[in-house]
Structures are given as C-alpha cells and as structure tokens.
Amino acid sequence: MNATNASNALKAPNEVSAGFSIARFLRSILREYLVVVAIVWLVLITVVVEPNFMTPANMLNIMRQFGPLVMVALGMTFVIIGGFIDLSVAGTISLVAVVTVTLIDPIGQVPAIMVGLAIGALCGYVNAKLVLTSGALTQAEALFITFGMSTVYSAIALMYSGGSTKHMRFIKGDVSVIEAIGQGSVGFFSVSFVIFLVCLAVLWVFQTQTRMGRAICLTGGNKTAAHLCGVPVSRSIVAIYTISGFMAAVGAIILFSRITTASPVIGAGYETNAILAVVVGGTTLKGGTGSVLRTVLGVLLVILMSNCLNLLGVTPYMQVVLKGTILVLAIWLDNRKQS
C-alpha cells in the first residue's frame, strides 16, 4: 500500500465518524427542540405564502399580543419551577379586569390599577394558603385546587359585573394612562412592551440573585430534601402563587387596555396558553429547573404560531386543537428527556 492509499484509509473512518457525529447532533437537536423546530417551519411557510406577515403593522400587532400572555407566563414560570401548577389565572384575569374598569370612575384610573394589582396578588396568596392548609403538596393536587379557585374567581367576576361586559367608552373619567398602556408607544416599542421589559428584569434578578429565588428552585427539585436543608418551603409556595396572581393582574390590565373592554370571561384560555409557553420554552413540568428568559422565547413562539395560523386562515377551533396537540407533544418530550 502506497502512502496515498494509506492516507485515504486513515481519513475514511474519521469522515464516517464525523458524519455519525453530525447526524447524532441533528437528531438530538430535533428531539430536544421538536416543537420549536415545528413552529419555526410554520413561520417560514407563512412568510412565503402570506407576504403580509412581515409588514410593520403585523409586527406591531404581534408585539401588542405579546404583552398579556407573557405577563401571565412569567408568573406561571415560578409556579412550575416550584413544582406546582396554577389554573386560577384565568379567573384572576377576569376578576381583575372587571373590577379595575368599574373602579376607574369612582376612584380614578391609577388607584383602580393599584386595586386590580392588589386583587391579583391576593388571589395568588389565597391559592397558596389553600395549598398549604390542605396539604396539597403535589402538582396534581394543586391543579385541582387552583382549577376550583379559577371557577370561584370567575363566578365572583360574573356576580360583580352582573354578567355584562364593561366598555371603556362609557367611562366618564380620565383614562389617559389606560389608553397609553393599550395603544401608546415609546419610540418603536409599545408601552406594554416596555412594561414587560421592566417586569422581566425584576423577575430575572429575583430568580437568579436572591435567596428566595434559589429556594423556589430547590423546593421544586425536592420538597422533602429542601425542607430538611432548612429551605423555607412554605414561604416559597406563598411567593410563587403570589407572584403568579400579581403577574396575572398585570396581564389583565394590559389586555383590557388594548381591547378596551372587560368581560367576566376575558381570561378564558390564558392558563393553557401560559402553560404551553412555559413548557415550550424549556421549563420542565417536574419542577426545579427553568428560566424566565426561556419562557419569553416560549411566549414568542406561541404568539407567532397563533399569528401565522390566523394569516393562513385556520379556524379558531382548529387552532385550539393544534395548541392542545402541541402542549401534549411538549409534555411527552419533556417526560422523555427526564426519563
């Protein structure tokens, strides 16, 4: 065998090995981020089929749709990292929306917003106390408790509003702040997007730089071990649900500011979309790990998916089917990765 043949013989196994490595890498990426890859492909198809997708008006529309959901999802991130679930955000959004709108005339828009935020935090605090006093320290048990509380909050919103939708056009007082939140902009960015950036910065610092943020992660990883190590598990549970309720209230205010109406069922569906965004973003449902930054990516993917499906003319009913399918797929992939 001459030198050239010997050199080729040595290169061949290396090239085959490199090919297997690349294939293995691509398979791992596809397995880890299958949902993300699917949504990216949907966006690319929409760009080709529907030229209006890339227009400035549609980009601004995406930015405005981004606000309410990302607020709810950021709060949901802490609940899921802590090893729990919160289905009460739908009822919380509805209750906060109708109460805040009806209080604008009697007490003014800024005090009404403060009351709305306080109601959201109080709803979350009540959820935490119910979870703790009932001993529902598993995700499944918390799911049923928060589902029940969502029904309670929605019923209170229905009774408070008399079952009617509240329109901001009937408000006689000053609504300049509400209008700025819903329609205003700071340069290229909408006001709601600026509010999101502030909330994201605060929550990221809380998660990564504070003892309570680390305690929440430890609680979600293993509650028994965390308790034995001196982690304040009960305080962590109160913190995650209070944050979730408060962020749901922020989302409610941004939502009714944008659509200028508040109905007692305005929050319906936000719990599912928030969980979908958190899971698609990479936070594991088993708790212990996750990031608010990754949740932002998940929300963006969910919003882009909804926008693409609307532009492609997919009916709202089929969109619900697709979102449910994606949620099931994301949970299945999450369990496969953890096993």
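The values are calculated or read from the model by the stated rules, or taken from the named source; none is laboratory data. Everything numeric in this text was worked out from a predicted model, so none of it was measured. Cβ: placed from backbone, ideal geometry, glycine included. Neighbour counts: every protein chain shown. These area figures cover heavy atoms from the full protein model, side chains too; ligands, DNA and RNA do not enter into them. Shrake-Rupley method; radii C 1.70, N 1.55, O 1.52, S 1.80 Å.
Just one of the numbered conditions (1) open to solvent by less than 60 Å² (accessible area, probe 1.4 Å); (2) modelled with pLDDT of 85 or more; (3) within 19 Å of Ala142 (Cβ to Cβ) is not true of Val296: (3). In the set Gly91, Gly124, only one residue is assigned to a helix (DSSP H, G or I), closer than 15 Å to Pro264 by Cβ, touching a residue at least 24 places away in the same chain (Cβ under 8 Å) and not basic (Lys, Arg); that residue is Gly91. Is there a residue being open to solvent by 10 Å² or more (accessible area, probe 1.4 Å), β-branched (Val, Ile, Thr) and under 20 Å from the mean Cα position of the chain (by Cα) anywhere in the range 93-104? Scanning the range 93-104 turns up no residue that is open to solvent by 10 Å² or more (accessible area, probe 1.4 Å), β-branched (Val, Ile, Thr) and under 20 Å from the mean Cα position of the chain (by Cα).
The helices (runs of 4 or more DSSP H) found entirely in the range 251-339 that carry 3 or more residues being under 14 Å from the mean Cα position of the chain (by Cα) and of a type in the set (A, V, I, L, M, F, W, C) are 270-280, 292-311. For first residues located in the range 54-80 and within 22 Å of Thr272 (Cβ to Cβ), partners that are open to solvent by 10 Å² or more (accessible area, probe 1.4 Å) and of a type in the set (Gly, Ala, Ser) and lie 6+ apart or on another chain with Cβ distances below 6 Å form the pairs Thr77/Gly290. Going by the structure shown, is Leu74 open to solvent by less than 60 Å² (accessible area, probe 1.4 Å), at pLDDT 80 or above, of a type outside the set (Ser, Thr, Tyr) and assigned to a helix (DSSP H, G or I)? Against the criterion (open to solvent by less than 60 Å² (accessible area, probe 1.4 Å), at pLDDT 80 or above, of a type outside the set (Ser, Thr, Tyr) and assigned to a helix (DSSP H, G or I)), Leu74 qualifies.
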